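Trainee: Dropping the structure in here first, questions after.
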């Protein structure tokens, strides 16, 4: 009797899971925009991790992933619509101008030439506006960069959850990998990807750090990157940036000049009797 009840419960759970899967597959696209978050949350429930680690993944990793999905989708809309209007409008404007400036008389209506004039004006204005928006906000660069970073984040998540790739055990000396002993490396690489995005969009380290032919490449890379050090490497002392050094040196020189001037003003020359 107990075996029959156990089998009945298993069949009921399997049927409920299948029904939930069908409902999930049949929902509208607008209700399942961020499928990665729901997929990762379903897998995260069955992982052998503490509740603190699971909460860190939900708050940090899934939030970053959802933010990149939203930004990549918005920039994709602007990217494709803008390029479509610029490309198609650039083809329509010369064609309409050739019709308007033609010597033949067309009997399409009384105000046909006026309609062609205003249509050409509106299309050329839209082409100019969208071309300026794409150039000003660097939509092309951000569209490719955000989609590339989004796929990297997805790949990191699937590698960690399936314990493959970099999380297959070679980071801990080819020991048996578990989600617990790979958690530190996973969060580290997620933060690296996030700081790469911060550096590309806001920090602009390549413009701030001057490069000289005789300078050490390793030192320049350490000073210009915002990336945290790897977990298996010791933390090196952070060097002071060059602008800060120059400011401190100028303050020291000005202070020494002021002290020298005060000393010269307060010196009393005592005449000597010869």
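Read the figures in this text as sums done on the coordinates, not as results from a lab. Predicted model, so just to flag it, every value in this text is computed and none were measured. Here Cβ is always computed from backbone atoms with ideal geometry, including for glycine, and neighbour counts include all displayed protein chains.
Trainee: Just rank 192, 176, fewest to most, by other beta-carbon atoms within 10 angstrom. Could the numbers behind the result be given before it?
Mentor: On the way: 192 16, 176 8.
Least to most surrounded, the residues fall as 176, 192.
Trainee: For the stretch 112-154, state the average projected area of the convex hull of the C-alpha atoms over all orientations, rounded to one decimal in nm².
Mentor: Details: hull surface 15.3 nm².
Approximately 3.8 nm², given one-decimal rounding.
Trainee: In addition: With r defined as the distance between the Cβ atoms of residue 141 and residue 60 and R0 fixed at 25 Å, what FRET efficiency is calculated, to the nearest 0.05?
Mentor: Working: r = 26 Å, r/R0 = 1.04.
In this case the efficiency is close to 0.45.
Trainee: With a 10 Å Cβ neighbour count serving as the proxy for reagent exposure, in which order, fewest first, do 86, 190 appear?
Mentor: Details: 86 17, 190 20.
In order of increasing Cβ crowding within 10 Å: 86, 190.
Trainee: Compute the FRET efficiency between residue 38 and residue 252 as 1/(1 + (r/R0)^6), taking r as their Cβ-Cβ distance and R0 = 41 Å, and round to the nearest 0.05.
Mentor: Numbers: r = 59 Å, r/R0 = 1.43.
The calculated FRET efficiency here is 0.10.
Trainee: Binning every alpha carbon pair distance of the stretch 75-178 at 10 Å from zero, what are the percents per bin?
Mentor: Bins of 10 Å from zero give 13, 24, 17, 14, 12, 9, 6, 4, 1 percent of pairs.
Trainee: So for 201, 191, 51, fewest C-beta neighbours within 10 Å to most, what's the order?
Mentor: Working: 201 13, 191 16, 51 7.
If I rank by nearby Cβ atoms, fewest first, I get 51, 201, 191.
Trainee: Let me ask something additional. To the nearest 0.05, how large is the calculated FRET efficiency for residue 168 and residue 52 if R₀ is 22 Å and r is the Cβ-Cβ distance? Intermediate values should be presented prior to the final figure.
Mentor: Numbers: r = 24 Å, r/R0 = 1.11.
Rounded to the nearest 0.05, the efficiency is 0.35.
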